[in-house]
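A short worksheet on the structure shown next.
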Amino acid sequence: MRRVGVFGGTFDPIHFGHLRAALELYEGLQFDEVRLVPASVPPHRDEPGVESGQRLAMVEAAISGQPGFVIDERELRREGPSYMVDTLQSIRDDFGNVSLSLLMGLDAFLGLPRWHRWERIPQLAHIVVAHRPGWHLDDAEEAEQTAVQLLEERRSDPAILQERTAGGIVLQAVTPLAISATAIRRLIGEGRSARYLIPDAVWHMIEKDQLYR
Ligand code: ATP
């Protein structure tokens with residue numbers, strides 16, 4: 001069964017925390033492809049720091065030449081808020097009976113029960129949760145208990161990705177990189193360099209267009 005991973009984010013900007021996690025999940029769980037999906041209007045947060053065309057161009061530059069990585073622009077083409085449930089439904093409609101997985105960091109997973117129609121998501125896809133520094137299941141707060149419970153109910157061995165098309169939750173360790181886009185925007189805002197936290201090609205675009213100043 002073909003295995004498709006979906007990695008959504010604001011990518012404001014894309015950084016090595018995203019890229020390394022995506023690559024390790026791609027290789028470790030043997031996805032045929034990982035689709036990076038930049039969000040246009042993220043429903044759960046403030047407006048992105050730079051407009052979507054530039055965020056998209058940075059993702060393009062970052063993954064250039066990486067086999068198996070594909071950009072999926074459907075959230076940028078859609079009107080209105082970028083709800084992941086709509087994105088997964090639309091990918092499911094396009095791809096049919098593949099094994100589909102939503103890839104996310106543990107921070108994002110713990111917030112999943114706040115997402116629009118989140119209960120539908122495990123019916124549309126597996127969820128692969130990557131460890132993220134600073135986030136632990138044991139310290140989950142009251143508001144995050146629904147996600148912890150979902151994990152307990154559906155936690156599966158990675159073999160489920162080849163046995164079923166959706167419904168499992170796989171927790172996967174990746175090299176911990178304590179990098180966040182927020183910290184990168186702050187650094188640049190303070191006039192400091194973000195080099196070595198992001199691909200050089202992305203850094204050059206940020207410098208050239210004076211982004212996040
Ligand atoms: P911001 O700081 O602006 O909130 P971010 O760095 O968290 O941004 P997003 O674009 O919001 O990046 O995240 C997209 C996805 O990437 C989420 O599922 C998030 O958990 C995951 N992710 C981001 N940074 C890392 C990291 N350093 N390690 C593992 N996963 C990460």
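The values are calculated or read from the model by the stated rules, or taken from the named source; none is laboratory data. Not measured: the values here are computed from a predicted model. Cβ sites come from the backbone with ideal geometry, for glycine too, and all protein chains shown count toward neighbours. Heads up: the accessible areas ignore ligands, DNA and RNA and are worked out on the full protein's heavy atoms, side chains in. Shrake-Rupley method; radii C 1.70, N 1.55, O 1.52, S 1.80 Å.
Multiplying the sequence separation of Gln172 and His131 by 0.36 nm and subtracting their Cα-Cα distance, what value in nm do you get?
Residue separation times 0.36 nm, minus the Cα-Cα distance, leaves 14.1 nm.
Multiplying the sequence separation of Asp93 and Ser193 by 0.36 nm and subtracting their Cα-Cα distance, what value in nm do you get?
Net length gain for the segment: 31.8 nm.
For the pair Asp138 and Glu51, what calculated FRET efficiency results from E = 1/(1 + (r/R0)^6), where r is the Cβ-Cβ distance and R0 = 45 Å, to the nearest 0.05?
0.70
Just to be sure I understand the model, the point goes 7 Å from the Cα along the line to the Cβ. What's the resulting Ala183 to Ala159 distance in nm?
If labels sit at Ala183 and Ala159, their model points lie 3.8 nm apart.
Percent of accessible area on the chain owned by carbon and sulfur, 1.4 Å probe?
44
Compute the separation of the alpha-carbon centres of segment 71-135 and segment 163-181 and state it in Å as a whole number.
Cα centroid to Cα centroid, the span is 12 Å.
Using the Cβ atoms and a cut-off under 11 Å, what net charge is assigned to the surroundings of Pro67, where Lys and Arg are +1 and Asp and Glu are -1?
Result for the local shell: -3.
Using the Cα centre as the reference, give the magnitude of the dipole from point charges on the C-beta atoms of the chain (Lys, Arg: +1; Asp, Glu: -1; all else neutral), rounded to the nearest 20 debye.
For the chain, the charge dipole is close to 280 debye.
Give me log10 I(q)/I(0) at q = 0.11, 0.15, 0.17 Å⁻¹ for segment 3-209, Debye formula, one equal scatterer per alpha-carbon, no solvent.
-0.49, -0.95, -1.24
May I ask you to rank His136, His18 by accessible area, largest first, using a 1.4 Å probe over the protein chains only?
Ranking His136, His18 by accessible area, largest first, yields His136, His18.
What does the helix-only formula give at 222 nm for the chain: each DSSP H stretch with n ≥ 4 adding -39500 (n - 2.57), the total divided by the residues, and the result rounded to the nearest 500 deg cm²/dmol?
That comes out to -10500 deg cm²/dmol.
Helix 145-154 versus the longest principal axis of the chain: what is the Cα-based angle in degrees, 0 to 90, to the nearest 10?
With both axes taken from Cα atoms, the answer is about 50 degrees.
Nearest 10 degrees, 0 to 90: what angle lies between the long axis of helix 84-95 and the longest principal axis of the chain (Cα atoms)?
It works out to around 70 degrees.
At 1.4 Å probe size, with every protein chain present, just tell me what the per residue accessible area of the chain comes to in Å².
Computed with neighbouring chains in place, this is 48 Å² per residue.
Of the peptides 154-160, 51-57, how do they stack up when ordered by the mean number of other Cβ atoms within 10 Å, highest first?
Highest-to-lowest ranking by the protection proxy: 51-57, 154-160.
Measuring from label point to label point, each 7 Å out along Cα→Cβ, what is the Lys208 to Thr146 span in nm?
Label at Lys208, label at Thr146, 4.4 nm between them.
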